[in-house]
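Everything on this sheet refers to the single structure shown next.
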Amino acid sequence: MSQVFLSVGVALVLLIFLTLIRVVGGPTVLDRIVGVNMIGTKTTVLLLLIGLIYEAMPMFIDIALAYAFLNFIATIGACKYFRRSKKIHLDDDMVSEKEGAK
């Protein structure tokens, strides 16, 4: 059974590297933020798999929950920062700017 968890863990690491391509080469800031959030989510699952492999679930559940919470807060913070600094343009902002120019 440990081999199954180990192979799933290796697959998750490969998916993290594929997501890293999107983070580095994402066309917009929002793509990069979503990519980082996906990496954080996969890392949380990977932490839980490590807990299953080493049979130390209570400790790894605490670590995974803390990491997931930090990932969530960091994603919200990055979205608010880029929204306030006007470095990203959402569709609503573009529509309101076009209507204001008329």
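Could you give the Stokes-Einstein D for region 1-73 in µm² per second, using the C-alpha Kirkwood radius, 10 °C, 1.306 mPa s?
Values: Rh = 12.9 Å.
Using the Kirkwood radius from Cα pairs, D works out to 123 µm²/s.
What net charge do the residues around ILE39 carry, taking every other residue with its C-beta under 15 Å from that of ILE39, with Lys and Arg at +1 and Asp and Glu at -1?
Values: positive: ARG22, ARG32, LYS42; negative: ASP31.
Result for the neighbourhood of ILE39: +2.
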List the chymotrypsin sites (Phe, Trp or Tyr not before Pro) within region 1-60 that DSSP assigns to loop and that have no more than 16 neighbouring Cβ atoms inside 10 Å.
TYR54
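Bear in mind these aren't lab numbers, they're just calculated from the coordinates by the rules spelled out. Everything numeric in this text was worked out from a predicted model, so none of it was measured. Using ideal geometry, Cβ is built from the backbone for each residue, glycine included, and neighbour counts are taken over all protein chains shown.
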